[in-house]
Amino acid sequence: MMWSLAALVIGFCIDLLVGDPHGFPHPVVLIGKCISVLERALRCICPKTPSGERAAGAILWGAVVIVSTAVPALLLWLSGLVSPWLRLALESVMCWQILAVKSLRDESMKVYDALESGDLAASRHAVSMIVGRDTDRLDDAAVTRAAVETVAENASDGVIAPLFYLMIGGAPLGMAYKAVNTLDSMVGYKNERYIDFGCASARLDDAVNWIPSRLSALFMIAVCPIVGLDARGAARIWRRDRRRHASPNAAQTESACAGALGLRLAGPAVYFGKLVEKPTIGDASREIEWGDIARATRLMLAASVCALVVFGAARAAVVLAVGAMV
């Protein structure tokens, strides 16, 4: 257990320094290809009925998650037979690839840099790389709001939730979480094609993110004083608005971030040419500005480090307690 903890700390540090280099093999790409292949196969054999598609979607979810857990577990076991140091190195690399601290910061700061330079077209393009909504008609404020919302939401999905599962079950469970997250992002849509087929992926993603999303919001509130933001405002808006989203989890960190910054986030947005009405989160204590992207990023980074320390301390305490009993 301590070796896995060491691997996580090393992987976290590598991610902070290196991020996600372009062209470097990434397990999420392999998971995505696996999902695509299995989806085509299952759609060919499953009955073309709502219940048949739900069953096929559940089979897809189970198969992808099992494979995504078993393969890293097998690789770590085999490497451990050779040397514990080889296993440590391999698990450190896996932890690095599961986390997304630097890539989230870098991609959001590209939006910041474009806005700071006054290049609206470049800022729209940059934010289109990290959000799902249509961006071609967004003004400066809407681009900034989209970037801040993405940083807030992905603080949980991309960093703190993976840390949570890595601390519990090491790289295999962390990879299982990434599989669940990838399944939801690929098939968990409420449209005609995926309303039934993606039902299992969407609901189970909500389930596995229920605890981490709430912990993420609490970490954000806790670190506000460290990064010079409003902890009281974050706590107040989180208590009030944390359920103002179709997802049971997405508004947890968005509401904490909105309160910390004194902003109003969310609201109506256009997806694939269709206006989607969504409730607003937070109070418009002031106008949003491009500097809020940098503030949200600092909040995300501080909350991530806080999560690493808290989860690490909890894991170390469990190891010491088990050792004492043995």
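Some notes on this structure:
- Search result, residues across the stretch 80-99 that are touching a residue at least 12 places away in the same chain (Cβ under 8 Å) and of a type outside the set (D, E, K, R): 84, 88, 90, 92, 93, 94, 95, 96, 97, 98, 99
- Yes/no for residue 136 being more than 19 Å from residue 296 (Cα to Cα) and in contact with a Ser or Thr (Cβ under 9 Å, 6 or more places away or on another chain): yes
- Taking the stretch 175-193 as the range and being open to solvent by 30 Å² or more (accessible area, probe 1.4 Å), out of contact with any Gly (no Cβ under 7 Å at 6 or more places or on another chain) and either over 17 Å from residue 32 (Cα atoms) or of a type in the set (Phe, Trp, Tyr) (or both) as the test, the residues that pass are 190, 191, 192, 193.
- Per this entry, residue 236 is counted among residues that are farther than 22 Å from residue 66 by Cβ, free of Cβ contacts under 8 Å to residues at least 24 places away in the same chain and part of a helix (DSSP H, G or I).
- In the stretch 10-22, the residues that are β-branched (Val, Ile, Thr) form Cβ pairs under 6 Å with partners that are surrounded by 15 or more Cβ atoms within 10 Å (Cβ to Cβ) and in a helix (DSSP H, G or I), at six or more places apart or across chains, as follows: 10/92; 14/96.
- Residue match in the stretch 172-181 (condition: of a type in the set (Lys, Arg) and free of Cβ contacts under 8 Å to residues at least 24 places away in the same chain): no
- Selection within the stretch 267-292: residues that are at pLDDT below 80 and of a type in the set (Phe, Trp, Tyr). The member of this set that is surrounded by the fewest Cβ atoms within 10 Å (Cβ to Cβ) is 272.
- Pairs, first touching a residue at least 40 places away in the same chain (Cβ under 8 Å) in the stretch 50-71, second assigned to a helix (DSSP H, G or I) and open to solvent by 70 Å² or more (accessible area, probe 1.4 Å), C-beta under 8 Å, six or more apart: 56/45
- If only residues of the stretch 112-142 that are free of Cβ contacts under 8 Å to residues at least 24 places away in the same chain, closer than 23 Å to residue 102 by Cα and of a type in the set (D, E, K, R) are counted, the one that is least open to solvent (accessible area, probe 1.4 Å) is 124.
- For residue 315, the criteria (1) in a helix (DSSP H, G or I); (2) surrounded by 14 or more Cβ atoms within 10 Å (Cβ to Cβ); (3) at pLDDT 90 or above hold in every case but one, which is (3).
- Cβ pairs under 6 Å, 6+ apart, first in the stretch 273-299 and in contact (Cβ under 8 Å) with a residue 60 or more places away in the chain and assigned to a loop (DSSP other than H, G, I, E, B), second open to solvent by less than 10 Å² (accessible area, probe 1.4 Å) and among the hydrophobic types (A, V, I, L, M, F, W, C): 288/263
The values are calculated or read from the model by the stated rules, or taken from the named source; none is laboratory data. Predicted model, so just to flag it, every value in this text is computed and none were measured. Note that we place each Cβ from the backbone using ideal geometry, even for glycine, and neighbour counts take in every protein chain shown. These area figures cover heavy atoms from the full protein model, side chains too; ligands, DNA and RNA do not enter into them. Shrake-Rupley method; radii C 1.70, N 1.55, O 1.52, S 1.80 Å.
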